[in-house]
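See below for the structure under consideration.
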């Protein structure tokens, strides 16, 4: 009697490729790359995002987002730190480098996080403001927690504005106003009443603008 031996071919290559990509991501670093803005507006964000990917084709890099402020073109990138300089060189046709910031988890106390958040907000670095204030929010309780959440939502709304997602921006501003509606006075030199007035003005006119804390 003969036995039939069945041989199954297992293609391991897809699994190997997935493993290698996962390994690459683990050894890559996240940066906020700020290029000098000559005359771009938030309307250009999607085009710049697409162009930046074309310019860096062939590199091991992820450009996950593009945001446009009056000062900077902000690219949220993941790349090996040794290749950051090469990445910046490839992006020079979009704009000269102003600065980059390595995004890492840090233990920072609340007061410093709020000061950082104010600095980032006043320099139209709204994503970083959002992250700093969220870190402070985690260390707060009660009314202060709700107030900071309102400020976080203002920053989050303006992140959407920088991506030309104006409908989303106005919606998030509405949520921010609800969080701040019974808050007033000064908080770390932030005039809360003035912030609320700016939000109301944007919602009433359906026109978005940036301002300082």
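Relative to the longest principal axis of the Cα atoms of the chain, helix 142-162 runs at roughly 70 degrees.
Extension gain for residue 181-residue 106 works out to 23.8 nm (0.36 nm per residue, less the C-alpha to C-alpha distance).
So how far, in whole Å, is the C-alpha centre of segment 92-123 from the one of segment 139-208? Using only Cα atoms, the two centres lie 20 Å from each other. Highest average first, the peptides 64-71, 129-136 ordered by how many other beta carbon atoms sit within 10 Å of their residues are 129-136, 64-71. Note that segment 110-205 shows a convex hull volume over its alpha carbon atoms of 84 Å³ per residue.
With Rg and Dmax of the Cα atoms in Å in mind, check (i) 18.1, 55; (ii) 21.1, 92; (iii) 22.1, 93 and report the label derived from this structure. From the options (i) 18.1, 55; (ii) 21.1, 92; (iii) 22.1, 93, the structure gives (iii). Could you tell me how many degrees, from 0 to 90 and to the nearest 10, lie between the Cα long axis of helix 13-26 and the main elongation axis, the longest principal axis, of the Cα atoms of the chain? Tilt relative to the chain: about 40 degrees. Axis angle, to the nearest 10 degrees, between helix 126-137 and the longest C-alpha principal axis of the chain: 80 degrees. Each label point was placed 7 Å from the Cα along the Cα-to-Cβ direction; for residue 80 and residue 194 their separation is 4.8 nm. Multiplying the residue separation of residue 60 and residue 41 by 0.36 nm and removing their Cα-Cα distance gives an extension gain of 4.0 nm. Per-residue ellipticity at 222 nm, computed for the chain from helices alone with -39500 (n - 2.57) per DSSP H run of at least four residues, works out to -16000 deg cm²/dmol. Between residue 145 and residue 205, full extension at 0.36 nm per residue minus the direct alpha carbon distance yields a gain of 18.7 nm.
Read-outs: derived from the displayed coordinates by stated rules, not from any lab. Remember, predicted model here, so these are calculated numbers, not experimental data. Every residue, glycine among them, receives a Cβ derived from its backbone with ideal geometry; neighbour counts consider all protein chains shown.
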